[in-house]
Structures are given as structure tokens and as C-alpha cells.
Amino acid sequence: MSGPSAEQKLQLVQRILGAVDPRLSPALREEFARPGPQLLPTPGQTVAIAGHRSAGKTRLLPLVSALLGKQGMDLDVELERRSGRNLRDWVAQDTNGFREAERGLFLQLPQGSVVALGGGFLSHHPEALQSCYTLLVPISFETYRERLLADKTRPRLRPGMSLEEELHSIYHQRQVLHAAVPTVGLADFLRAFASSGNPS
């Protein structure tokens, strides 16, 4: 996959800025426009797109992949394809088995891959990301709640709670866990492509 031109990079940057949580997009654009770090993955470093469920990781995957000039992979989609199992049922029936499978597949990926991770990966497998460039996709609790209340395809993670209680509990618990893992913000990633058509 060939790399994008300078003009295409600028277009991709704008598309990424427009694809995040609408509640956070204005603040992200302001952060992006300010001087700050320009953080790119090192050659051969795996780029892991991580964050909460419904943050938009799958939507950003083709844009980030195109910006880096690489093919991207959605880990959940690949897990379903290889196992032949429906992810919703798998998580409901065998959560531990699913977590082992997602970690195992991720560790099998070639170095330098671009991969979108499932919503629980960052909090369940932080050690697997130690050598990776982990790009964190932000989402506000309000948008997280709205999207997951509307999406009936996703598995329940704590069926002993009401859905409202589950969403509040998991979001805030994972926020703490995510903060403990070294990650790169979108603004710091995108600045390198906007400041120069060919970042070094």
C-alpha cells in the first residue's frame, strides 16, 4: 500500500478530526491547532487504535491506516472470522476464553501492523501494548451512553446490573485503567502530518 501525498495527508487529518465524538471534536481541533508534540510511531512499531466501546475506533481505522500508508485490521472482526463465532455470544458465554483469544491473536500480528482493538483490550491487556504505539480515541460519557443504549448488537458485560449501571460502572472504571497505560493522543499524532506533508 503506497503512502498518501501531502494533500491527501491533510485531507485525512481533517477527516479524522471530524470523525471523533462530536462533543469532543471542537476541543480536539483546538488542541491540534496549538503548538505541541508531534508523535509518530517508530519504523516497525505496531500502531494499536484503542479506547472505549463505541469511541469510533473502527471508523478511524481506514483513515489512520491510509495516513500511515498501511493496511489496517479490526481485531474483533478478525476474531469472528477466524473462530466462526459471533462476538456477542462469545463474550456472553465465555468471557475469559474470548479475552485469551483476543490477546493471543494480537500477539501473533506482525510488527508494524495497524490494528483497531476491542473496547476492553486496553484495560484487560495493558502489558501486551508495552512496545506498541497506542493511539487513544476519546469519547465522552454522554456519547458513550447514547451510542451503547442505541446499539443492541453489543454484548452485555455485567448482566447482573441494569444497563445504565453497567455503562456508568464500566466507563469510569476503564477511564482509570486507560490513564495508567502510556498512550498517544490524536492531536499529537495528527500534528506531524499537518505541519509537513512528509514528516520525518
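Among the residues of region 1-32, count how many are open to solvent by 80 Å² or more (accessible area, probe 1.4 Å) and small (G, A, S). Counting residues in region 1-32 that are open to solvent by 80 Å² or more (accessible area, probe 1.4 Å) and small (G, A, S) gives 1.
Based on what the data block shows, is G72 closer than 25 Å to D21 by Cβ and without any contact (Cβ under 8 Å) to a residue 60 or more places away in the chain?
Details: closer than 25 Å to D21 by Cβ: yes; without any contact (Cβ under 8 Å) to a residue 60 or more places away in the chain: yes.
Answer is yes for this residue.
For region 55-86, what are the residues that are open to solvent by less than 30 Å² (accessible area, probe 1.4 Å) and of a type in the set (A, V, I, L, M)?
In the first step, residues of region 55-86 are kept if they are open to solvent by less than 30 Å² (accessible area, probe 1.4 Å); the result is 55-57, 60-61, 63-67, 69, 74-75, 78-79.
Answer for region 55-86, where residues must be open to solvent by less than 30 Å² (accessible area, probe 1.4 Å) and of a type in the set (A, V, I, L, M): A55, L60, L61, L63, V64, A66, L67, L75, L79.
Restricting attention to region 103-131, the residues that are buried (at least 22 other Cβ atoms within 10 Å of the Cβ) and more than 19 Å from L167 (Cβ to Cβ) total 5.
Remark: pairs (first residue in region 1-20, touching a residue at least 60 places away in the same chain (Cβ under 8 Å); second residue hydroxyl-bearing (S, T, Y) and open to solvent by less than 20 Å² (accessible area, probe 1.4 Å); Cβ separation under 8 Å; 6+ apart in sequence or on different chains) = M1/S65; L17/S25.
If you check T143, T183, T153 for being of a type in the set (V, I, T) and either within 18 Å of A92 (Cβ to Cβ) or open to solvent by 80 Å² or more (accessible area, probe 1.4 Å) (or both), only one passes: T153. Is it true that S65 is under 26 Å from K9 (Cα atoms) and either part of a helix (DSSP H, G or I) or modelled with pLDDT under 95 (or both)? Against the criterion (under 26 Å from K9 (Cα atoms) and either part of a helix (DSSP H, G or I) or modelled with pLDDT under 95 (or both)), S65 qualifies.
Against the definition (of a type in the set (S, T, Y) and either buried (at least 16 other Cβ atoms within 10 Å of the Cβ) or within 22 Å of V64 (Cα to Cα) (or both)), how does S162 come out, yes or no? Outline the logic, then answer.
Details: of a type in the set (S, T, Y): yes; either buried (at least 16 other Cβ atoms within 10 Å of the Cβ) or within 22 Å of V64 (Cα to Cα) (or both): no.
It is false that S162 is of a type in the set (S, T, Y) and either buried (at least 16 other Cβ atoms within 10 Å of the Cβ) or within 22 Å of V64 (Cα to Cα) (or both).
The values are calculated or read from the model by the stated rules, or taken from the named source; none is laboratory data. In this text the structure is predicted, and so the values were computed from the model without any measurement. Cβ coordinates were reconstructed from backbone atoms using ideal geometry, including for glycine residues, and neighbour counts include every protein chain displayed. Heads up: the accessible areas ignore ligands, DNA and RNA and are worked out on the full protein's heavy atoms, side chains in. Shrake-Rupley method; radii C 1.70, N 1.55, O 1.52, S 1.80 Å.
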